[in-house]
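Enquirer: My structure is below; once you've seen it, I'll send some questions.
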Amino acid sequence: MALARMLHGDSNPATPGVTLAHGRRYDRFTAAFFLGRRAATFRRLAELSGAAGAGVVDVLDVGCGTGALTAALAAAAGPGARVVGLDASADMIAHARVSHPGCTFTVGLAESLEYPDASFDVVASSLLVHHLPQELRMSALGEMHRVLRPGGRLLVADFRPPKSRLGRGLLTPVTGPGMSHNPIDELPALFEHARLTGVATGDLPWLRYVAGTKAVD
């Protein structure tokens, strides 16, 4: 059994996506998996998201888990910003609220965001896409695009598996096949399909990120 499966919790009946639980265990697992570089990696993601940009007031972290990226976004955006973390798992949200009391956390679905159009200046997401079935990934990205204000920035980061067959084979018992065979190269095409501009991509420890800007009509 993949070690990561120990983090799976009771499914949210509102979504077919994978729902995690055991927030404290998840934090320990990811801290070890990033070899002590998780905080620095998420700080860099927050920088790349544009959360520290002029005029950024509202920031959304979709699939926030225990809130590590949410907290990094809040630190980048500063005390005047509203930073919201959203996740399908009530267990993860409960843990995030205790761990990061300066942020707002709510239970919700990436593929059906309960926010009006153009509600946020920055939308970010990390380690979410591989938990969604293929048919929901475009829906989730479309929702992130919808709630983003024109000129706002969207950043999505997901697990970057090893390129070699041997590396993937060694990783599968730890992460499961969903991560060790994660189709990360599909992300830029999803961004272009969503008509985001200035699409840029890059690699960080264990992650590949893609970022783009919503066109101004």
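Enquirer: May I ask for the net charge around L136, where only other residues with Cβ less than 13 Å from the Cβ of L136 are counted and Lys, Arg are +1 while Asp, Glu are -1?
Expert: Local charge sum for L136: -2.
Enquirer: Over the stretch 17-154, what is the mean sequence separation of C-alpha contacts under 8 Å (at least six apart), divided by residue count, expressed as relative contact order in percent? Write out the running numbers ahead of the final one.
Expert: Values: 253 pairs, mean separation 35.7, N = 138.
Over the stretch 17-154, the number comes to 26 percent.
Enquirer: Tell me the net charge near G80. Cut-off is 13 Å between Cβ atoms, G80 excluded, with +1 for each Lys or Arg and -1 for each Asp or Glu.
Expert: In short, -1.
Taken together, the values in this text are just the output of simple stated rules run on the coordinates, not laboratory data. Computed from a prediction, not measured in an experiment: that's the story for all the values here. Heads up, the Cβs are rebuilt from the backbone with ideal geometry, glycines too, and the neighbour counts pull from every protein chain shown.
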